[in-house]
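Take a look at the structure below.
The values are calculated or read from the model by the stated rules, or taken from the named source; none is laboratory data. Predicted model only: the values in this text are computed from it and were never measured. Don't worry about glycine lacking a Cβ; one is built from the backbone with ideal geometry, like all the others, and counts go over all protein chains shown. SASA here: full protein model, heavy atoms, side chains in, ligands and nucleic acids out. Shrake-Rupley method; radii C 1.70, N 1.55, O 1.52, S 1.80 Å.
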Amino acid sequence: QVQLVESGGGSVQAGGSLRLSCDASRYTYSNYCMGWFRHVPGKEREGVAAIDSDGSTSYADSVKGRFTISKDNAKNILYLQMNSLKPEDTAMYHCVAALRPMTAIQALGVRPEYYYWGRGTQVTVSS
């Protein structure tokens with residue numbers, strides 16, 4: 001069963017925008033923090049943005065002011081609005097759900113094994 005299903009990735013030029021979506025309606029194991037990680041082969045997975053149960057958000061310094069995370073709690077859909085995209089944003093973007101309680105502030109520094117991972121959606125930004 002696929003429990004986190006990402007969509008919205010694609011190829012854009014630098015300065016463009018994308019909105020990623022994560023359908024979490026089939027994820028029933030926890031109701032903790034959710035977020036987005038990105039991964040490039042050969043590099044460590046990087047926490048991009050997180051949102052906790054009270055709506056508090058946290059962002060990696062590299063995306064602050066450009067990306068916005070939000071969640072439709074009624075539909076269990078997580079979003080990542082990505083504006084002013086840069087080539088260095090190119091990565092596989094994964095929706096994640098925390099497996100233990102944590103705040104959004106804490107979430108970006110937590111090891112990847114503390115999350116349930118979606119399969120990802122590719123974002124490619126050309127210069």
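Values for this structure:
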read-out	value
In the stretch 54-70, the residues that are out of contact with any Phe, Trp or Tyr (no Cβ under 7 Å at 6 or more places or on another chain) and of a type in the set (S, T, N, Q)	S56, T57, S58, S62, T68
The stretch 80-106: number of residues that are open to solvent by 50 Å² or more (accessible area, probe 1.4 Å), at pLDDT 95 or above and either on the phi < 0 side of the Ramachandran plot or not in a loop (DSSP other than H, G, I, E, B) (or both)	6
Set G9, G55: member being free of Cβ contacts under 8 Å to residues at least 24 places away in the same chain and open to solvent by 20 Å² or more (accessible area, probe 1.4 Å)	G55
Any hit, the stretch 39-48, residues being in contact (Cβ under 8 Å) with a residue 40 or more places away in the chain, over 18 Å from A104 (Cβ atoms), assigned to a loop (DSSP other than H, G, I, E, B) and open to solvent by 20 Å² or more (accessible area, probe 1.4 Å)	yes
The stretch 49-60 - residue that is among the small types (G, A, S) and touching a strand residue (DSSP E or B) at 6+ places or on another chain (Cβ under 6 Å) and, of those, farthest from A107 (Cα to Cα)	A60
